[in-house]
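Novice: Structure incoming, see below.
Just so it is clear, none of the values below were taken in a lab; they were calculated from the coordinates. This one's a predicted model, so the numbers in the text were calculated from it and none came from an experiment. Note that each Cβ is placed from the backbone with ideal geometry, even for glycine, and that neighbours are counted across all protein chains shown.
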Amino acid sequence: MKEIEVKGQKRNDTGKKAAKLLRKEGLIPCNLYGEAKDENGLPKSMPLAIPMTELRKVVYTPHIYVINLNIDGEHHTAILKELQFHPVTDTLLHIDFYEVNDQKPITIGIPVKLNGLAQGVRDGGRMNLVVRKIDVTAPYQQIPEHLDIDVTHMTIGKSIKVGELNFPGLELATSKEVVVCSVKMTRAATSAAAAAATEEAPEEGEAPAEEAAPAAE
């Protein structure tokens with residue numbers, strides 16, 4: 001996984017009113033969760049405020065990052081846990097980060113990358129990517145930027161499920177029955193198959209080659 005640094009600051013005021021004021025100043029309210037628990041056994045959070053200019057580089061990107069949070073000079077290694085957007089304007093409202101370390105595995109969704117041109121696509125079918133990410137569990141240092149899947153052998157009507165995949169050092173957390181991709185029949189492929197069948201069929205009244213009458217002596 002790629003690493004990136006994000007700078008922010010601790011915040012003392014919480015609640016909707018304080019969060020609204022932060023957003024007016026170009027700051028996004030965030031929380032950093034770690035291993036620590038409160039007296040009720042719930043994860044303790046560190047309230048943060050991070051400039052939108054800093055967050056843009058980790059939110060609006062296809063890449064998965066390990067984030068080095070620099071909070072008032074205090075450093076934490078984390079990943080994005082949850083993003084909250086406004087339901088109408090789609091503006092970023094809040095972020096939860098989860099602190100990671102070298103020993104404890106994490107579970108995170110990793111983008112799927114299909115490699116090669118499937119035989120079914122060569123034959124006129126269409127590749128259908130069903131899921132764009134697969135959840136994997138591993139120490140964060142072992143997690144790749146994407147999961148490479150070879151699709152060259154796939155023919156029309158075939159699919160690949162999570163249970164058929166294997167990546168060294170990674171435990172797949174998504175259900176084995178989930179279909180990752182498939183090759184669908186298209187009208188063009190159907191027409192081509194029908195045309196090929198017509199060309200191979202014998203003309204009416206014509207005997208197949210192997211059944212042709214013997215030549216006269």
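Novice: Amide H neighbours of Ala173 under 5 Å, counting only residues 5+ apart in sequence or on other chains, H built in-plane at 1.01 Å?
Specialist: Asp135, Val136, Thr137
Novice: Next question. At 222 nm, what value in deg cm²/dmol follows for the chain if DSSP H runs of at least 4 each add -39500 (n - 2.57) and the sum is divided by all its residues, to the nearest 500? Could the numbers behind the result be given before it?
Specialist: On the way: 4 runs with 35 residues, N = 217.
Taken over the chain, the calculation gives -4500 deg cm²/dmol.
Novice: Give me the percent relative contact order of the chain, please, defined on Cα pairs under 8 angstrom at least 6 residues apart.
Specialist: Details: 389 pairs, mean separation 36.1, N = 217.
Value for the chain: 17 percent.
Novice: Further, regarding this structure: Sort His63, His75 so the one with the fewest other Cβ atoms within 10 Å of its own Cβ comes first. Intermediate results must be reported in sequence, preceding the final value.
Specialist: On the way: His63 12, His75 9.
By the 10 Å Cβ count, ascending, the order reads His75, His63.
Novice: What does the convex hull of the alpha-carbon atoms of segment 107-193 project to on average, in nm²?
Specialist: Working: hull surface 21.7 nm².
Average projection, Cα convex hull of segment 107-193: 5.4 nm².
Novice: Please give the FRET efficiency for Leu21 paired with Thr186, using the beta carbon to beta carbon distance and R0 = 35 Å, rounded to the nearest 0.05. Please list the in-between numbers first.
Specialist: Details: r = 54 Å, r/R0 = 1.55.
Approximately 0.05, to the nearest 0.05.
Novice: Follow-up question, since we're still on this one. Hey, in the GNM for the chain with a 10 angstrom Cα cutoff, which one of Val151, Val131, Val58 fluctuates hardest?
Specialist: For the chain, modelled as a Gaussian network with Cα springs under 10 Å, the answer is Val131.
Novice: Where does each of 6-17, 173-184 land if you order them by average Cβ count within 10 Å, highest first?
Specialist: Details: 6-17: 12.9, 173-184: 15.6.
Final packing ranking: 173-184, 6-17.
Novice: Which of the DSSP-defined H helices in the chain satisfy a minimum axial length of 24 Å, computed from C-alpha atoms, and a minimum mean Kyte-Doolittle hydropathy of 1.6?
Specialist: Working: long enough: none.
Span-like helices in the chain: none at all.
Novice: Between Asp96, Asp123, Asp135, where does the largest GNM mean-square fluctuation fall for the chain, given springs only between Cα atoms within less than 10 Å?
Specialist: With Cα springs under 10 Å in the chain, the top fluctuation among Asp96, Asp123, Asp135 is at Asp123.
Novice: Rounded to the nearest 20 Debye, what is the dipole magnitude of the chain about its Cα centre when Lys and Arg each give +1 and Asp and Glu each give -1 at the C-beta? Walk me through the numbers on the way to the answer.
Specialist: Working: 25 positive and 31 negative charges, 379 e Å.
So the magnitude is around 1820 debye.
Novice: Still on this model: Among Gln84, Gln119, Gln142, which one shows the highest mean-square fluctuation when the chain is modelled as a Gaussian network with alpha-carbon springs under 10 Å?
Specialist: Gln84
Novice: What's the exposure ranking of Arg23, Arg122, going from fewest to most Cβ atoms within 10 Å?
Specialist: Neighbour counts put them in this order, fewest first: Arg122, Arg23.
Novice: May I ask you to evaluate 6.51 cos²θ - 1.76 cosθ + 1.60, the Karplus curve with θ = phi - 60°, for each residue of segment 134-149 and list the ³J(HN,Hα) values in order in whole Hz, giving x for glycine and proline?
Specialist: Each residue of segment 134-149 in turn: 10, 6, 10, 10, 5, x, 4, 5, 8, 7, x, 6, 7, 9, 7, 10 Hz.
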